[in-house]
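The values are calculated or read from the model by the stated rules, or taken from the named source; none is laboratory data. Values in this document were obtained by computation on a predicted structure and should not be read as measured data. Neighbour counts are summed over all protein chains in view; Cβ atoms, including those assigned to glycine, are modelled from backbone coordinates with ideal geometry.
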């Protein structure tokens, strides 16, 4: 583990120091858990009160932060991004064992493996597959026929990549995910479901990360595409022929049906379900557990099932707790109206 002074960290993230620049930083932590030698960060104002009690040796804050703490501060334009940079500097990313090509890996004679690759035992690489330079492939992975994998990709244990799929550079796929399985496509005829051949592929562009236990279906006719720099959480299913735009974030347990398009920089919360054949615009945020059944325009924030504009949804959901009382009130009003109507009718008869 690296050890740096606050001055060194400030130089690394282009920040300014308020306090002792010689403060020694050994690790990073949250405000509530930090101790001596730790650096923390304040990216959300609701945690500002924790500055008074934190035991961190320094805290990263934004340029607009108004604080009176005695803790040394590292002032940056984007505190969370600076925290990420410092985490990398202090701790680095996971190191992978350099073992070359295991003698217990099964690699087709027609497959091509780049330089400086590390292929673990019990990996199977099928005919005409191409693996770029610097790839790390953990035990139990299967790479199908004609698969293309770019440079510096990492496949964790038991990843399966079906035939013909293409991965760009620096793609990370976590354990037990499946890329290119057949799409859920059937023609139902006289009560019997007949499988439709899925002749498309999956294309995963540069710098995509896919979580554990995901299923990315190949297209029925065209390709399923996960665009550059999108990040996909655990247990996510993406249906056949869907297209995920660049720089999207899909949190765990999202389900996207076939032929759905997401624009760029979309954020999809946990357990969201999106029906097939809809278009989600750019910069869209979908709250957790929402059910999207219609197109969503650019820059929208939606929630609920069915998903509606967040401002309307918040007002609607805030009323749910009052519905039993409102129902009773309506029943009482209906009874009073009935009584008044009867009284009015009787007075007319007289």
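Evaluate the following for residue 240: is it closer than 18 Å to residue 161 by Cβ and in contact (Cβ under 8 Å) with a residue 24 or more places away in the chain?
Spelling it out, residue 240 is indeed closer than 18 Å to residue 161 by Cβ and in contact (Cβ under 8 Å) with a residue 24 or more places away in the chain.
Inside the stretch 223-244, can you point out the residues that are in contact with a strand residue (DSSP E or B) (Cβ under 8 Å, 6 or more places away or on another chain), surrounded by fewer than 22 Cβ atoms within 10 Å (Cβ to Cβ) and in a loop (DSSP other than H, G, I, E, B)?
Hits for the stretch 223-244 are 223, 227, 233.
For residue 22, only one of the following conditions fails: (1) surrounded by fewer than 16 Cβ atoms within 10 Å (Cβ to Cβ); (2) within 29 Å of the chain's Cα centre (by Cα). What is its number?
Residue 22 satisfies every listed condition except (2).
Could you say whether any residue in the stretch 50-59 is out of contact with any helix residue (DSSP H, G or I) (no Cβ under 8 Å at 6 or more places or on another chain), outside any loop (DSSP other than H, G, I, E, B), within 24 Å of residue 94 (Cα to Cα) and in the same structural domain as residue 85 (by TED's automatic domain parsing)?
Checked against the condition, which is being out of contact with any helix residue (DSSP H, G or I) (no Cβ under 8 Å at 6 or more places or on another chain), outside any loop (DSSP other than H, G, I, E, B), within 24 Å of residue 94 (Cα to Cα) and in the same structural domain as residue 85 (by TED's automatic domain parsing), the stretch 50-59 yields no hits at all.
State all residues of the stretch 10-19 that are under 31 Å from the mean Cα position of the chain (by Cα) and under 15 Å from residue 62 (Cα atoms); if no residue qualifies, say none.
10, 13, 14, 15
I'd like the residue in the stretch 50-76 that is free of Cβ contacts under 8 Å to residues at least 24 places away in the same chain and under 29 Å from the mean Cα position of the chain (by Cα) and, out of all such residues, is surrounded by the fewest Cβ atoms within 10 Å (Cβ to Cβ).
Among residues in the stretch 50-76 that are free of Cβ contacts under 8 Å to residues at least 24 places away in the same chain and under 29 Å from the mean Cα position of the chain (by Cα), the one surrounded by the fewest Cβ atoms within 10 Å (Cβ to Cβ) is 64.
Could you list, in sequence order, all residues of the stretch 276-335 that are under 14 Å from residue 263 (Cβ atoms), part of a loop (DSSP other than H, G, I, E, B) and free of Cβ contacts under 8 Å to residues at least 24 places away in the same chain?
If the condition is that a residue be under 14 Å from residue 263 (Cβ atoms), part of a loop (DSSP other than H, G, I, E, B) and free of Cβ contacts under 8 Å to residues at least 24 places away in the same chain, then 278, 281, 283, 284, 295, 297, 299, 300 are the ones that fit.
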